[in-house]
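The numbers here are math on the coordinates, done by the rules we state, and not lab data. Bear in mind the structure is a predicted one, so any value in this text is a computation, not a measurement. Here Cβ is always computed from backbone atoms with ideal geometry, including for glycine, and neighbour counts include all displayed protein chains.
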Amino acid sequence: LSGNARNCFLTGSPGSYRNFTGKGLRCLLDVPNTEVYRNGHHSSGRFCSQSSQPLGKKIPSLQISSAGQLPHHFPAWNLQIVRSFHTSPALQAAPVPLFWIIVKPAQKLFAIILGRSIRKWWKALPPNKRELFKESARKNKWKILLGVSSLGVVFVMFYFTHLEETPITGRARLMVFGKEHFRELSQMEYDMWMKLFKSQMLPETDAGYQLVETIVGHLSESNKDVPQVSALKWVIHVVDEPVVNAFVLPNGQVFVFTGLLDAVSDIHQLSFILGHEIAHAVLEHAVKKASLVHFLDFLSLIFLTMIWAICPRDSLAVVGQWIQSKLQEFVFDRPYSRTLEAEADKVGLQFAAKACVDVRASSVFWQQMELAEAIEGQPKLPEWLSTHPSHENRAEHLDRLIPEALKIRERCNCPSLSGPDPRLIFRLNMQRLLKLAEGQEAPNSTKQDPSKPKLDFPRT
């Protein structure tokens, strides 16, 4: 849910959204919730599995009362519970991705020194020798062009020989690093997060912890026909931190913050979000992104050397280097991150649909997030500046995917959805409260700055 880095190898920082759940806003965002996971009379209607083997356990019904209280008893899922804290051995060899992260500044420094040395060497040459070099370059221009083209062919061959098929979606992806190296890196990051949040971990007896455990268990059991889901051991960690965030490491470590539990309106939204984060791990997005970034960084070293060799002064070379880095960031890195987020939304929605979740609530969550940021007065930045799609675009994208997700629910023999569409309820509540806000602002309209309208939502 967040994209800002904070000394983190594979995921974003847990702090990107403030807790927006006040009493009045909570009443606005709540959607009437009926029974979430109905326990039908036939166990075959609970799951949609590609495998022919029947599931051994039925999923009890899970309800949230009208008062918003969580159930006191949850089923015991086959999840690995890890509460101990440990660190990796001090002499353990660093994985390859971590090695490249460490040497990346050294690579850039070498490119800068090389380019600067070429420029100084060229300036130090007498004018007659410069003319000789230029004449020689003109005579051998086809050889030089052939050499540059050969280098380009090598990069193209490397790219296409390292393409693999993405699980579930079948989309081609670049894989430079081995998955076993990222498992080691995931363990290192897990140790870092556990040290950071050691004193804030909720106990296993906490209702919020049990809720997350139940949902993750239900999602994994409902999608166990997907090899990548059944291969991972999902470990639950709930952090008592008022930030609206959750993430899953590539090794199956699930981190959920209590701010997210407060922000969602019902269990359907939370199930979709956890499905989205599980999709990141299943689709191996961390490996994909690191591979592309490493490939682009290697290519950028060539341009960095050229910039420092061609620019007549160091100050111009610094500006050129900054422009080159920003072009790479906004043309390749951030658009690719948004593509991965959209892919995780799609697959996460499918996971939720197979778990018989009300998938219509997924787009409502992002509408709530957009509304919350507007009420808090947060600036609305253009999407191209972010690593994540805008809340509005995510909601629209999910609305386009929801009809197919509803068909998946039908194929999985899920109980039919009862009650009105939560998206319609949200729109009606918005219209009603906006009218109330306009009525309250009318008597005081002469006292307010028309350029800064303020919506005073009633606390009901």
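May I ask you to list the trypsin sites (Lys or Arg not before Pro) in segment 362-405 that are in a DSSP loop and have at most 11 other Cβ atoms within 10 Å of their Cβ? Spell out each step's value before the answer.
On the way: sites: Lys380, Arg394, Arg400; in loops: Lys380.
Qualifying residues, ordered by number: Lys380.
Across segment 330-452, Cα pairs under 8 Å and at least six residues apart give a relative contact order of 34 percent. Near Pro312: Cβ cut-off under 12 Å, other residues only, Lys/Arg at +1 and Asp/Glu at -1. The net charge is +4. The string of couplings for segment 359-372 from the Karplus curve (6.51, -1.76, 1.60, θ = phi - 60°) is 5, 5, 6, 5, 6, 5, 4, 6, 5, 5, 5, 5, 5, 4 Hz, one whole number per residue in order, with x for Gly and Pro. Pairs with C-alpha atoms separated by more than 27 Å, drawn from the list Lys288/Lys346; Lys104/Lys233; Lys198/Lys380; Lys233/Lys289, are Lys104/Lys233; Lys198/Lys380. Distances between placed amide hydrogens fall under 5 Å for Thr166 paired with Arg171, Ala172, Arg173, all partners being 5 or more residues away or on another chain. In order along segment 189-196, the phi-based Karplus estimate (6.51 cos²θ - 1.76 cosθ + 1.60, θ = phi - 60°) of 3J(HN,Hα) comes to 5, 4, 4, 5, 5, 5, 5, 5 Hz; Gly and Pro are listed as x.
Residues whose amide H lies under 5 Å from that of Val238, counting only those 5 or more places away or on a different chain, are Leu202, Val256; hydrogens are built 1.01 Å from N in the peptide plane.
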